[in-house]
1. Please specify each residue of region 1-23 satisfying the condition of being over 16 Å from the mean Cα position of the chain (by Cα) and under 13 Å from Val96 (Cβ atoms).
2. Let me spell it out: the conditions are (1) in contact with a strand residue (DSSP E or B) (Cβ under 6 Å, 6 or more places away or on another chain); (2) closer than 14 Å to Ile101 by Cα, and Ala36 meets all of them except one. Which number is the exception?
3. List pairs: first in region 83-96 and more than 21 Å from Met109 (Cα to Cα), second assigned to a loop (DSSP other than H, G, I, E, B), Cβ under 7 Å, 6+ apart or cross-chain?
4. Could you grab me the full set of residues in region 85-102 that are of a type in the set (Gly, Ala, Ser) and near the ligand (Cβ under 8 Å from one of its atoms)?
5. Among the residues that make up region 69-82, is at least one of them in contact with a strand residue (DSSP E or B) (Cβ under 7 Å, 6 or more places away or on another chain) and among the hydroxyl-bearing types (Ser, Thr, Tyr)?
6. Select from region 8-39 the residues that are surrounded by 12 or more Cβ atoms within 10 Å (Cβ to Cβ) and touching a Phe, Trp or Tyr at 6+ places or on another chain (Cβ under 7 Å) and list them in ascending order.
7. Can you tell me which of Gly60, Gly77, Gly105, Gly81 is small (Gly, Ala, Ser) and within 16 Å of the ligand (Cβ to nearest atom)?
8. How many residues are within 13 Å of the ligand (Cβ to nearest atom) and within 17 Å of Leu66 (Cβ to Cβ) if we restrict to region 14-28?
Amino acid sequence: MLSKTVFERIIDREITAEIVHEDEWCVAFRDIHPQAPVHVLVVPRRPFASLDALTEYDEGLAGHLLLVAQRIAREEGLSEGYRIVVNTGQHGGQTVDHLHIHVLGGRPMRWPPG
Ligand code: 5GP
C-alpha cells in the first residue's frame, strides 16, 4: 500500500494543522511555510495525486474546491484580490502529491511566476 501524503495525515488528524474550513469534500488549512500574509491550502479528502488526476466525473468537485477557495479569500478579508495556484507535476513545482489549491493574499503578487 502506498504511504500517506502529509495532507492525508492532516485530514486524518494524525498531524496537526490550523484548519480554517472543512466539509464533506475538502479540508482547508494554513500552509506551514506561508508565502504571503494569508496562505491557505484547499485539499480534497480524496487523495488525487494532482490536478492532472481529475477526470470529467470530478467536475463538481473541481468547482467546489474553487468556490471554497473564493469563500476563504472572502473570510480572510482579501478584498484587494488574491492569487490561486495549483502547482501540478514536477515542472509545475508540486512537492506534495495530493491535489491542493493555494490561496495566497494580503500583499500584491508579481507576474510572471518563477
Ligand atoms: P506544492 O509545492 O506541492 O504546490 O505545495 C505544498 C505546500 O504544502 C507547500 O507550500 C508547503 O509549505 C506545504 N506543506 C508541506 N508540508 C506541510 C505540513 O506538514 N503542514 C502544512 N500545513 N503545510 C505543509
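Quick note: the coordinates plus some simple rules give every number you see, no bench work behind them. A quick note: this is a predicted structure, and the numbers were derived from the prediction, not measured. Positions of Cβ are backbone-derived with ideal geometry, glycine not excepted, and every protein chain shown enters the neighbour counts.
1. Hits for region 1-23 are Ser3, Lys4, Ile15.
2. (2)
3. These pairs meet every condition: Gly89/Ser50; Val96/Thr5.
4. Gly92, Gly93
5. yes
6. Ile10, Ala17, Ile19, Val20
7. On the way: Gly60 fails: within 16 Å of the ligand (Cβ to nearest atom); Gly77 fails: within 16 Å of the ligand (Cβ to nearest atom); Gly81 fails: within 16 Å of the ligand (Cβ to nearest atom).
It is Gly105.
8. Keep residues of region 14-28 that are within 13 Å of the ligand (Cβ to nearest atom), which gives 14-20, 27-28.
Going one step further and asking which of them are within 17 Å of Leu66 (Cβ to Cβ), we end up with 20, 27-28.
Going through region 14-28 one residue at a time, the tally reaches 3.
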